[in-house]
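The block underneath contains the structure these notes are about, expressed in structure tokens.
No lab work stands behind these numbers, since they all come straight from the coordinates. All values derive from a computational prediction rather than experimental measurement. Note: ideal-geometry Cβ built from the backbone for every residue, glycine included; neighbour counts use all protein chains shown.
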Amino acid sequence: MSKKLNPESLMMSYGYKPELSEGAIKCPIFQTSTFVFKTAEEGKAFFEVAYGKREKGVNEELGLIYSRLNNPDLEILENRLCLWDEAEDCAVFESGMSAISTVLLEFLKPGDTILYALPLYGGTDHFIHHFLPSIGVKVHGFKAGMSKNEILAKLEKEQVDLRSLKMIYLETPANPTNDLIDISLLREFANDIKQEEDILIAVDNTYMGPLWQHPLKHGADFVIYSATKYIGGHSDVIAGAVLCSRELMSRVKTLRTFLGNMAGPWTGWLLMRSLETLKVRMEQQQSNAVKVSEHLAKHPKIKSISYLGLLEEKDPSYPIFKKQCKGTGAMISFNVKGGEKEAFKVLNALKLIKLAVSLGSTESLAQHPKTMTHAGVEEASMEEMGIFDSLIRLSVGVENYEDIIWDLDQALEQI
């Protein structure tokens, strides 16, 4: 075939050979713990590659050994996920947090410094603030909108030894505020101050999913997903994914092997199913979010709203959006007039939209970040991050947009 097919066209077949599975049009669930070798020599060869004792030969594939190391459902899924971000390799985990923690544990050691953007998802924030310092990793934050000079001045004021800076970690758009951070600016910053080795940049791309933003093209070393969200998209699977170069991935997968936190065959199969409809789901969610946000922006009970589709050219984030994003996504955050009491009244009155954490699923979800997803974030940092008592986060689903708007209107009337 001479034509280069688009990812959405390849999601049904890429990396799978029906003739190896009795002609089944869909990849079966390989529910097995171990795989049979044809010969002892073959087993030896497979283990040599798996444990890094030698490089794979030309056209040699890593043979199936044991489902903690590899499994057809997992391998085909990882191959397909690479297509969207045009990554060299992918590793899938049993949760988003296991993907995040594995990367941080592999590339940070005692004495190293990580620079992270504010705000972050509450679980990530907790891991960085509470676990990493316990193993001797120093942590320093910066806010969206800061220039290279402002970040450098902050680090100098905090007496950070720049030689210890090994990683920059960020979410863009940030959860739950939709703040945008310029990935290429951070790449320039990292290159300006690097010493003997590159400073790695990891981007949690969960909010935009594989469709609307591709961080590797803007200087990131790692793209990380909670695959539970848009990739899974049906609120029925927990998973995470990391994409990066083959060189970096060899370290990620090696640690994954020994931590044992790779995804199992059922998770792999469910995510392969979901990838087939990823584009149509995300396009419908975005289309709905545009209409919902435009309506909410004019609602008298709403004090402020944050949605990428509402950015104006005069907004400082607009140039970042135009350079970095391929869409506006489906995540909306808004502050109601009042505080926690008023926000809870709205959430409790919802009928179609479900009151639940998570995002990116076919159903619309709403939650209260300050007391739910970000409850573990230090109280003093909340206001600085823009996480107020009045803030509601809305993940727009695939329902009829008029029904979503009706539900929000009737709930807001409770204030």
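For the reader, a short list of remarks on this structure follows.
- The coefficient of translational diffusion for segment 266-415, derived via Stokes-Einstein from the alpha carbon Kirkwood radius under 4 °C and 1.567 mPa s, stands at 80 µm²/s.
- Values of log10 I(q)/I(0), in the order q = 0.11, 0.15, 0.16 Å⁻¹, for segment 72-275 under a Debye, Cα-only, solvent-free model: -0.47, -0.89, -1.01
- Highest-first arrangement of 148-155, 190-197, where packing means the average Cβ count within 10 Å: 148-155, 190-197
- Pairwise centroid distance, computed over Cα atoms, of segment 238-266 with segment 336-360, Å: 36
- Relative contact order of the chain, pairs being alpha-carbon contacts under 8 Å that are 6 or more residues apart, as %: 17
- Rounded to whole Å, sorted largest first: equivalent-ellipsoid semi-axes of the chain, Cα gyration tensor: 36, 28, 18
- Max mean-square fluctuation residue, GNM over the chain, Cα-Cα springs under 10 Å, options 374, 130, 140: 130
- Calculated FRET efficiency, residue 354 to residue 42, Cβ-Cβ distance, R0 = 35 Å: about 0.10 to the nearest 0.05.
- For q = 0.12, 0.13, 0.16, 0.22 Å⁻¹, Debye-computed log10 I/I(0) when each Cα of segment 218-301 counts as one equal scatterer: -0.53, -0.60, -0.79, -1.09
- More than 17 Å apart - percent of Cα-Cα pairs taken over segment 373-415: 50
- Cross-link pairs exceeding 26 Å between alpha carbons, from the set 3/217; 44/253; 3/253; 154/303; 301/370; 143/166: 3/253; 154/303.
- Ranked 281, 163, 187, criterion: other C-beta atoms within 10 Å, fewest first: 163, 187, 281
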